[in-house]
Every structure is written in C-alpha cells, then in structure tokens.
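The values are calculated or read from the model by the stated rules, or taken from the named source; none is laboratory data. Not measured: the values here are computed from a predicted model. Here the Cβ positions follow ideal geometry from the backbone for every residue, glycine too, while neighbour counts run over all protein chains shown.
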Amino acid sequence: MTDEAPAAPGRIVLLTASHRVAPGLLSWPAWQTLHAADRVLCADAGHPQLPYLREAGVTVEHTAPSAEELVDACAGGRTVVVVPSSQGDGTDGPLTDGLARLAGSGRVQMPDLELLPGSYDLPGARLLDLVQVMDRIRVECPWSSTQTHQGLAKYGIEEAYELVEAIEDGDGDELREELGDVLLQVVFHARIAQDGLDEEIEPFSIDDVAGTIVDKLIHRHPHVFGDETAETPAEVKEHWLRMKAVEKQRDSVTDGVPLGQPGLALASKLAGRARTAALEVPVPRGEGIGYELLALAVRAEETGVDPETALRVAARTYRDAIRAAEGHPDRG
C-alpha cells in the first residue's frame, strides 16, 4: 500500500489594475488567468472592472472571504483570482495580513500566492489624479469654489517667479515642488473655465488645453513631425517663428510681445524679434537711465545674454554683500 500523494496546494492570484487606465484594458496574461481560474472573487460589487469581465464571459462572485476560506477554496489545485478593491483604501489589507499570518504559522499548507498586475500606469498618469483632486476641491472647498481667473492671476505670476528662483538655486527638490505649483495654476484655471461662469470666455476643459498645446507643438515642429529638416537650434527657432507667424497672422514682429513683462525682458524680447527678422533698427537715443538700460539690454541680447537673468545674478550677489555688511553668515 502506497501513501497517497498530497493534494496540490492550488494558487491564489491577486489581480491588480491601475485606476488611471480605462476599465477593461487588461493585459493578455490577466485575461488568460481570469478565463482559466476556477473561481473569481470580488468584494466590491461596484468595481469598475466587473461589467467588462461579465461581457468577456468571466463569472465573478461577490464575496469577501477570510484568509482561511480563501486557502480552503484553493484545495485540490484550484486557482482562485481575487480582484481587490478599486478604491485603494486598504480594504484588502485584512485579507493579505491574514494570509501572511497563516503562512507564518506553519500549520497550513499554503497555496501559491501571485500578484498579477493587469494594467500599468503610463507616463503622465498621475496628471489624472491631479485633475480628479482639482475637481473635488473646486466643488467642496469654500475658497477654491469661489475663485475666478482674475482672482488667481497674481498667483500665476508669483509661482512663475518662484520657479525661476528654484532653477537659479539649482535645488532639485525645490524645482519639483515649484513646477507642481505652476502646474496647479494651469489645472485650476482650466477647471474654472470648465464651469463656464465667465460670460466673456467660452467654456473649455483641461483636455482642451492639452489638445491645443499638442496641436501647436506638432505644427511648429515640422522638422520632427513633417518633411522639413533642421540641423541647428537656430534653424529650429526659425521654423518656430515662421509657423507661429502663419498661425497668428501678425503684421509686425512685435505683435504678441507682452508689454507688461519686466522692462529688461521686454527690451530683450523686442531686440530678439528685430534681429531674427533681419531688421536694422537703431536703438533709440534719449536722456535718462531708461534709454541707457535699453541699450544695455539690446547689447546683451546681441551677445546671447539674457539681461533679466544677468541682472538677477548680480542682484543676488548684491544681496549677499548687504547681508555680509549686516554681519549675517553667507547663505551660499
């Protein structure tokens, strides 16, 4: 008489999927596992994957088994797939904790345990989280729900300057944070526009904003997405300005230059537009420091120096000198 071979331990598969990927878009290994499983369990009756699983002929049982019950369900070599909660709120923690305790006890023959990602986040997927968070804040936050484009305008300027400071400081952590603050302004304004409360502005969404810049980038890079070529940065800039002129149908190279920007930046931008258009324009001569600064800004642009950045660097050095005169330690 021979001893009977022990039954195969079976297999538990925890099938995860990113909530940032449309439901039903699962990997081929995930679909194969679902169709081959002896049982598919999901405690969340409202899980977004369920309609697609049913449509594909997968029977899903709405149940929340304990760890012991799940192990028993795998007896005889059976495969049980568990579809965890879609909320990411930790409601499946007790199940995995219970399985860990059983495995650590040594009293139970554990089935094989496999974590099978059914879908993965694509680059940029966290932007969807930002949009969802902004939607909720816009509705539920007493301050955010009353904001307008005009009321937020000053914050856009402040965040842009803080971003520039982070770049100049070379602080990677600060740069990441400030980029997020600038991105928040974009998403916030798009969410306000989506509400359509400003009668002078046609409603649009963050998708419209993204679609507009995508179309613009493609159109202004014919050397990347078209048949034209560009071998140098100068040729790329020429493509950009030419395509931009076609889009805007502008009469002057000065059209579109914001006159409200800082004076040195404005002077440099105007000088750059004139030089790119091969216009020989003498720098106006007049009395006062303004004309002297204008001449310096034009000269800086001609030599490839951003006068605004150069002045900020000098100003920061001046700031350090003032602190040193006050007896403060060097800030680095």
Of the residues in the stretch 282-305, those that are β-branched (Val, Ile, Thr), surrounded by 11 or more Cβ atoms within 10 Å (Cβ to Cβ) and assigned to a helix (DSSP H, G or I) come to Val298
Run down Leu241, Leu270, Leu279 and say which single residue is outside any helix (DSSP H, G or I) and touching a helix residue (DSSP H, G or I) at 6+ places or on another chain (Cβ under 9 Å). Leu279
For the stretch 18-46, which residues satisfy the criterion of being charged (D, E, K, R), surrounded by 17 or more Cβ atoms within 10 Å (Cβ to Cβ) and touching a Leu at 6+ places or on another chain (Cβ under 9 Å)? Asp44
If we keep just the residues of the stretch 2-28 that are at pLDDT below 90 and among the charged types (D, E, K, R), which is nearest to Val40 (Cα to Cα)? Arg20
I'd like the full set of residues that are farther than 22 Å from Pro94 by Cα, surrounded by 13 or more Cβ atoms within 10 Å (Cβ to Cβ) and of a type in the set (D, E, K, R), limited to the stretch 47-81. Arg78
(1) more than 22 Å from Arg78 (Cβ to Cβ); (2) in contact with a helix residue (DSSP H, G or I) (Cβ under 6 Å, 6 or more places away or on another chain): which one isn't true of Leu122, the others all being true? (2)
Positions within the stretch 244-270 being surrounded by 13 or more Cβ atoms within 10 Å (Cβ to Cβ) and touching a Gly at 6+ places or on another chain (Cβ under 9 Å), in sequence order: Lys244, Gly263, Leu266
Within the stretch 196-232, restricting attention to residues that are surrounded by fewer than 11 Cβ atoms within 10 Å (Cβ to Cβ) and more than 22 Å from the chain's Cα centre (by Cα), which residue is modelled with the lowest pLDDT? Glu199
Only unsatisfied item for Glu168, checking (1) surrounded by 12 or more Cβ atoms within 10 Å (Cβ to Cβ); (2) acidic (Asp, Glu); (3) within 30 Å of Gly46 (Cβ to Cβ), is (3)
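Given the criteria among the hydrophobic types (A, V, I, L, M, F, W, C) and outside the structural domain of Ile137 (by TED's automatic domain parsing), does Ala193 qualify? Lay out the reasoning, then the answer.
Working: among the hydrophobic types (A, V, I, L, M, F, W, C): yes; outside the structural domain of Ile137 (by TED's automatic domain parsing): no.
For Ala193, the condition - among the hydrophobic types (A, V, I, L, M, F, W, C) and outside the structural domain of Ile137 (by TED's automatic domain parsing) - is not met.
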When the stretch 51-82 is examined, which residues are found to be farther than 14 Å from Pro111 by Cα and not small (Gly, Ala, Ser)? Pro51, Tyr52, Leu53, Arg54, Glu55, Val58, Thr59, Val60, Glu61, His62, Thr63, Pro65
